[in-house]
2 protein chains.
Amino acid sequence: MTTKKRIPMRKVSSAVHLTLAVHRESPQPMHRQIYDGYRAAIVSRTLRPGQRVPSSRGLAVELGISRIPVLTAYAQLLAEGYLETRVGFGTTVSRSLPDPPVSAERAKSHSRSTIAAGFIAEHRNLPESMLHPPWGRGWGAFGVGQVAFEQFPFKAWNSLITRHCRGGNVKSLDYGDPMGLQALREAIAAYLGPARGVRCDADQIMIVSGSQQALDICTRALIRRGSRVWMEEPGYRFARQVFALNDCRIVPIPVDREGLDITAGVDLRLDARAVLVTPSHQYPLGFTMSASRRLKLLDWAERAQSWIFEDDYDSEYRYENMPISSLQGLDPNGRVIYIGTFSKVLFPSLRLGYIVIPRGLVKHFQAIRVAMDIGPPTLLQAVLGDFIREDHFSRHIRRMRLLYSERRTALLESLHSAFGPDLEVTGQHAGMHLCIFMNRIHDLVIARRAASSKLWLVPLSSSYAGESARHGFILGYGSTSAEQMNNAVGKLQTAIYGQPKHETRDRE
Amino acid sequence: MTTKKRIPMRKVSSAVHLTLAVHRESPQPMHRQIYDGYRAAIVSRTLRPGQRVPSSRGLAVELGISRIPVLTAYAQLLAEGYLETRVGFGTTVSRSLPDPPVSAERAKSHSRSTIAAGFIAEHRNLPESMLHPPWGRGWGAFGVGQVAFEQFPFKAWNSLITRHCRGGNVKSLDYGDPMGLQALREAIAAYLGPARGVRCDADQIMIVSGSQQALDICTRALIRRGSRVWMEEPGYRFARQVFALNDCRIVPIPVDREGLDITAGVDLRLDARAVLVTPSHQYPLGFTMSASRRLKLLDWAERAQSWIFEDDYDSEYRYENMPISSLQGLDPNGRVIYIGTFSKVLFPSLRLGYIVIPRGLVKHFQAIRVAMDIGPPTLLQAVLGDFIREDHFSRHIRRMRLLYSERRTALLESLHSAFGPDLEVTGQHAGMHLCIFMNRIHDLVIARRAASSKLWLVPLSSSYAGESARHGFILGYGSTSAEQMNNAVGKLQTAIYGQPKHETRDRE
């Protein structure tokens, strides 16, 4: 039933004619409907400041409803200041309400021009268009950073979650330590020493949501706006975004088989406040930084009083040697900030990683972090701490190292049989991706075309900031089984040449 | 057993004398110990570039161990570039290693001076010392922002977690939507309309880790460095930190019983790019912004082409009226960015909140967010989405509203019986805290003293940026039962006067 009445005024002095619709069947309670109707009329100036509104009794009669919802609505409108009560005048629209605002129509065009005219904070080099490149949208071969999820030890993980949910004390709901859960930080410190050659204790470890946030925190803590940062060329595209967001000037420094060419950097005579490196497995090319370059880089940082951000994103998976020890462990001067993530060894939607902070900077980092987001969530930190301590973590890494090694070998074999032995491949000794180089193709064009048939090729040229980009593809093999690899490489051939060059057959 | 030998050199041309200790009982495998010993000697220049190392066979014999760990260590040292093999010379320390680095001793003093001399990014007004004020350390009366955790519906929550762990598809481990899980965003949009009068759909909602991160994202998206921001005076201390981190200039604008005094702001003739307000329940004073001020504020924002950040942190709990409708719902111009959090209605360590973004700004916000931390974690978003959709959320809010109302009434009664009817109290109509004002005391001094006896009093003066701070306390009552209230107020009296002024008795 709808009660809809034009409410006549009884006093000439204040002629309120408000058409009010009250629907009994509405999910909105009646008092809310009355409140909304009056508020809208007052805001739009249909009812003018000083105008009287009907008495609650009168309005209830007019609407044919009980007086209670009317009283509730009026009380709310009075409490919020839309109405006021004056002795001798009854209830009127507040006289303190301002003049009509700018009309919505004019406002709308304003808003548009405001945004266009830059009344927002613009960050050069932070393009919206690169948010969702077509090759980053899907799951399967050859998506980069994709993990063999089906191999994840769900049972162990879920039972730890259940344990923490059941046994969790009430205090675990409160704000935690902004540096992260102590138990997790101790587990990570205990892991990092033997496994990664990182020298630290738990007090230096800050839990973050992944390497992207780690890099953001490091940049905000250590690099002033407008300062220069050295980046590997080619390098990690998302790192460029975080530097752009923080208004840093990025200086691309070439990478060769020994890693970042520090001498080339020095020769540019462009001092930098920091350098971002991936010494264990250079992203994307996959080279390991040589001992000589490591020592030179540490020496440069100390002389230039600059910082080294070491992003050690996937070094747990190394197929021919022991994992390469971290740069941080070589650094006597506290110039290296070490960044680790669980996105590659566990799974990305966990959103957990860590920073190992030089001792003297811990408080400074913490002040930045608290201002940013107070701290990380608690439950999954507690679960991860136990997962590491109870050896599920190292067991999982060992299993995955074998699995990815097998997938990698299958990919290399398929690539060589499809493209011949001269195909230039780099980065096959570690991690979950490798690079292939191709002359006389345009990798962006091919990647776009391949994406439309659900093959996810990250074009190598997109990892270059400068002009002299090489073309090719970064091929992730984490989510493709060895059995499917030949088929996937066949699709890759088709994407590049229009059709497979050789006969390919699945290994199955 | 420890095998410790001085290894004699067989060839005069390269006299390597390396004292190497290999412990069979060490948790480090032997190859790692050999690797570490050689690497340390090479890095410290105990072994010089070009010097020969013993043959693997010779070293194994010297150490009295099998040759395999020696071969493994040498392979690693070769792979990383510490050693090289030259025809006719055997294995030597790489000649490409740079000159000795700056000595560690000199370096240490460097690091200290570097940090002191500001070779970090400094953010004015972001003090490390305010990270852990003594009154922010503990749990219990009268901590602000503390929730009645023991009332949380753990059973429903945990069973949803279990459901998502068991039934979770493998894809939920992958990176999610940077805006947040679609199901959660839809649940929030459906809640915000009727409950908060917010006009939006799910596409405009970005899931964040709480209101602190929300404010950081808004600031990075919309306010250029050095621009002015209006803040309520007194206002939310942690918001000052996020503005300081982003190098904004904060202009304190006085608050009275109607909320932010917009006219006073305009009279200052200090234009601002944005204003942060808490219109539903001003933090800390607890006033509701009047209708007239709301309309004036919206009008100002449109004329000045500025943005309004509406932090609606605890408006679900309102004791005398309906919850106050949001400012966002009144805004025809897309100038309001609405910020909500689950820290108060659920629990802080969940680290989930949201931003309602004006339609035209969604892509811009998203680009900022992706550069910052890629996106939020998935599992707890999925659980929260179901928690809202299956009505646990609104049921919990209804229960808590009753509970907090009871605690608030107990607190008011105790306060009046302890301090007399003239005690000035504000903010008691909503939320989980109220303010009391006290003349002739120094609230910081008392708060420090009280903290040492585990009474957590947030001094009101700490919420002021300017000189004219009033003294008093912000008293949170969320975590104190009605039965304990009298006792807690007795402690408050003691903290202020040295002893209770009147006899107080627990209600039990």
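Which of B:Ile397, B:Met432, B:Ser463 sits farthest toward the positive end of the charge dipole of region B:395-507, with +1 on the Cβ of Lys and Arg and -1 on the Cβ of Asp and Glu?
Farthest along the dipole direction, towards plus: B:Ile397.
Can you give me the relative contact order of chain A as a percent, contacts being Cα pairs under 8 Å and 6 or more apart? Present the calculation step by step, with values, prior to reporting the outcome.
Working: 870 pairs, mean separation 84.2, N = 508.
Relative CO of chain A lands at 17 percent.
Put +1 on the Cβ of every Lys and Arg and -1 on every Asp and Glu Cβ in chain A; which of A:Gly478, A:Ala291, A:Ala410 then has its Cα farthest towards the positive end of the dipole?
Farthest towards the positive end: A:Gly478.
How far is helix A:182-196 tilted, in degrees, relative to the longest principal axis of the Cα atoms in chain A, given as a value from 0 to 90 rounded to the nearest 10?
Result, in degrees: 20.
Restricted to Cα positions, what overall size does chain B have along the principal axes? Three whole-Å values, descending.
95, 57, 54
Quick check: Cα centre of region B:136-207 to Cα centre of region B:444-469, how many Å?
So the separation of the two Cα centres works out to 32 Å.
Under the convention of a label 7 Å out along Cα→Cβ, give the distances in nm from A:Arg399 to the same position in every other copy, shortest first.
Reported distances to equivalent positions: 3.8 nm.
Taking the Cα centre of the protein assembly as shown as origin, sum charge times position over the Cβ atoms of Lys and Arg (+1) and Asp and Glu (-1), and report the length of that vector in debye to the nearest 20.
In debye, rounded to 20, the protein assembly as shown gives about 120.
Have a look at the DSSP beta bridges in chain B and tell me what percent are antiparallel, nearest 5. Let's see the in-between values first.
Details: 32 of 49 bridges.
So the antiparallel bridges amount to about 65 percent of the total.
Could you grab the relative contact order for region A:395-507? Cα pairs under 8 Å, six or more apart, rounded to a whole percent. Let's see the in-between values first.
Numbers: 153 pairs, mean separation 33.5, N = 113.
Rounded, it is 30 percent for region A:395-507.
At 7 angstrom along the Cα-to-beta-carbon line, where would the label on A:Gln151 sit relative to the other copies? Give the distances in nm, shortest first.
4.9
What accessible surface, in Å², does a 1.4 Å probe find on A:Leu455, ignoring ligands, DNA and RNA and rounding to the nearest 10?
10 Å²
Let me know the charge dipole size of chain B about its Cα centre in debye, to the nearest 20, where only the beta-carbon of Lys, Arg (+1) and Asp, Glu (-1) is charged.
That gives a dipole near 2640 debye.
For the protein assembly as shown, what is the percent of antiparallel DSSP beta bridges, rounded to the nearest 5? Can you show the working numbers first?
On the way: 64 of 98 bridges.
Taking every DSSP beta bridge within the protein assembly as shown, about 65 percent pair in antiparallel fashion.
Given Cβ point charges of +1 (Lys, Arg) and -1 (Asp, Glu) and nothing else, what value in debye, to the nearest 20, does the dipole of region B:154-391 about its Cα centre take?
460 debye
Expressed as cubic angstrom per residue, what is the convex hull volume of the alpha carbon set of region B:310-388?
On the way: hull volume 9.2 nm³, N = 79.
Hull volume over Cα atoms, normalised by residue count, gives 117 Å³.
Hey, what number do you get for chain B at 222 nm if only DSSP H runs of n ≥ 4 count, each worth -39500 (n - 2.57), divided across all residues, to the nearest 500?
My calculation for chain B gives -12000 deg cm²/dmol from helical runs alone.
Summing Lys, Arg as +1 and Asp, Glu as -1, what charge do residues with Cβ under 13 Å from the Cβ of A:Ser343 carry, A:Ser343 excluded?
After counting each charged neighbour, the total is -4.
Just going by the charge dipole of chain A, with Lys and Arg at +1 and Asp and Glu at -1 on Cβ, which of A:Ala156, A:Val362, A:Ile42 is farthest out on the positive end?
It is A:Ile42, whose Cα lies furthest towards the positive end.
Using only the alpha carbons of the protein assembly as shown, determine the length spanned along each of the three principal axes and report them from longest to shortest in whole angstroms.
114, 74, 53
Between the helical axis of B:392-419 and the dominant principal axis of chain B, each derived from Cα atoms, what acute angle in degrees is found, rounded to the nearest 10?
70 degrees
Determine the shape class of region A:154-391: with a ≥ b ≥ c the square roots of the Cα gyration tensor eigenvalues, call it rounded for a/c under 1.5, and otherwise prolate if a/b is greater than b/c, oblate otherwise.
prolate
Placing a label point 7 Å from Cα toward Cβ, how far apart in nm is A:Ala190 from its equivalents in the other copies, listed shortest first to one decimal?
Values, ascending and in nm: 4.5.
Give me the angle, in degrees from 0 to 90, between the Cα long axis of helix B:291-304 and the longest principal axis of the Cα atoms of chain B, rounded to the nearest 10.
Around 50 degrees separate the two axes.
Checking the a/c ratio against 1.5 first, then a/b against b/c, what shape does the Cα gyration tensor give for region A:395-507?
Verdict is oblate for region A:395-507.
From the protein chains alone at 1.4 Å, what is the descending order of accessible area for B:Glu390, A:Glu320, largest first?
Heavy-atom accessible area, descending, gives A:Glu320, B:Glu390.
The values are calculated or read from the model by the stated rules, or taken from the named source; none is laboratory data. Note that the coordinates shown come from a computational prediction; the quantities given were computed from them, not determined experimentally. Positions of Cβ are generated from backbone atoms using ideal geometry, with glycine treated the same way; all protein chains shown enter the neighbour counts. Accessible surface areas use protein heavy atoms only, side chains included; no ligands, DNA or RNA. Shrake-Rupley method; radii C 1.70, N 1.55, O 1.52, S 1.80 Å.
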